[in-house]
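Have a look at the structure below, then the notes.
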Ligand code: NAD
Ligand code: LMR
């Protein structure tokens, strides 16, 4: 028997990530090739025509899984009954800016949209915040949508995780699928800490080994590798004159897919115990400090 459709909201759907993301969702990349979708797309009034253009293209693409499309500039309509909300709407940073420089514009959007989600979304709605500053926007959304379970509100750092896999795969000349257990700690910003201390690689025709032993260059892992991942978003902006879009959309699909389908029991999170060395502790403390500062700044923008 065919599955019931899942309602997926994408805010900022007329923007560049939205344009890359909605076809991925409609093709089943996020929720699987047997999961019918009803797509809800939200954008703001000035983007109405562009949003309708995206809707026209979705119709023209004749996606077998796409049951219906709601395209609107009304957040209350967009959030009605949604099971998954991918919050992309907001303003991207430009060359030379830090992600927190878009704070004042974006946190007030997340406060307003928290209320719409709180009132209209399905009770177990799972939320992924993509728009920057992603962690702090997610925090604001959590605070202003208190009835959504805290464990259901997340932000996108999967892109950083995928970037770390990409760097290791290029360095070791192996496929990304051969690397596992890389961790990104902290803020989706230039203080984030990509941690390889628990990561392993499985070289072709060999058994699984710690990344540090296979790379055999702690200096590279502790310096250039970390800064490359931290600065990758800025490098993409410099090259494209636009922030990342296809990799961000793909990471959003990875995030939701793994959350719902790989983690057991419908997305219940679980704890693991890890040994943290002094080097990692220092990096984790630095990014935690930045998150606390961002929180204070966010509240000052809302007041
Ligand atoms: P974009 O400017 O191309 O698109 C943003 C869209 O949001 C636009 O269509 C705009 O009209 C819309 N929008 C603005 N205010 C809105 C509101 N109140 N409600 C609904 N829609 C609204 O930007 P983009 O390149 O698609 O990036 C979107 C966001 O994602 C930015 O904040 C960017 O920094 C962030 N981003 C995050 C990651 C990550 O890994 N977390 C990666 C890439 C980009
Ligand atoms: C990214 O990491 O590519 C995004 O957060 C966009 C940005 O501003 O860096």
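The values are calculated or read from the model by the stated rules, or taken from the named source; none is laboratory data. These figures come from a predicted structure and were not determined experimentally. FYI the Cβ positions are ideal-geometry reconstructions off the backbone, even for glycines, and counts take in every protein chain you see.
Which pairs do you get when a residue that is under 28 Å from residue 100 (Cα atoms), found in the stretch 269-288, comes within reach of a residue that is at pLDDT below 95 and in a helix (DSSP H, G or I), reach meaning Cβ atoms under 8 angstrom, with the pair 6+ apart or on two chains? Going by the 8 Å Cβ cut-off, the qualifying pairs are 269/151. The numbered conditions (1) more than 12 Å from ligand 1 (Cβ to nearest atom); (2) within 26 Å of residue 243 (Cα to Cα); (3) outside any loop (DSSP other than H, G, I, E, B) are all true for residue 105 except (1).
Please tell me if residue 138 is touching a strand residue (DSSP E or B) at 6+ places or on another chain (Cβ under 9 Å), assigned to a helix (DSSP H, G or I), within 16 Å of ligand 1 (Cβ to nearest atom) and closer than 19 Å to residue 116 by Cβ. Yes; evaluated as a whole, the condition is true for this residue. Note on the stretch 214-274: enclosed helices (runs of 4 or more DSSP H) holding 1 or more residues that are away from ligand 2 (no atom under 16 Å from the Cβ) are 218-222, 224-230, 246-257, 264-267.
To keep it simple, each residue is scored yes or no on (1) assigned by the TED database to the domain that holds residue 112; (2) more than 23 Å from residue 106 (Cβ to Cβ).
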site	(1), (2)
1	no, yes
10	yes, no
13	yes, no
23	yes, yes
29	yes, yes
34	yes, yes
40	yes, no
45	yes, no
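Take residue 88 and tell me if it is closer than 30 Å to residue 143 by Cβ, within 14 Å of ligand 1 (Cβ to nearest atom) and under 17 Å from the mean Cα position of the chain (by Cα). Yes, satisfied. Residues that are within 16 Å of ligand 2 (Cβ to nearest atom) and not in a loop (DSSP other than H, G, I, E, B) were ranked within the stretch 12-22; the one that is surrounded by the most Cβ atoms within 10 Å (Cβ to Cβ) is 21. Here residue 93 meets each of (1) touching a strand residue (DSSP E or B) at 6+ places or on another chain (Cβ under 6 Å); (2) in contact (Cβ under 8 Å) with a residue 60 or more places away in the chain; (3) not in a helix (DSSP H, G or I) with one exception, condition (1). Scanning the stretch 229-243 for residues that are within 8 Å of ligand 1 (Cβ to nearest atom) and buried (at least 22 other Cβ atoms within 10 Å of the Cβ) yields one hit, 233. Given the criterion surrounded by 19 or more Cβ atoms within 10 Å (Cβ to Cβ) and either under 16 Å from residue 12 (Cβ atoms) or in contact with a helix residue (DSSP H, G or I) (Cβ under 6 Å, 6 or more places away or on another chain) (or both), identify the matching residue among 44, 25. The conditions single out 25.
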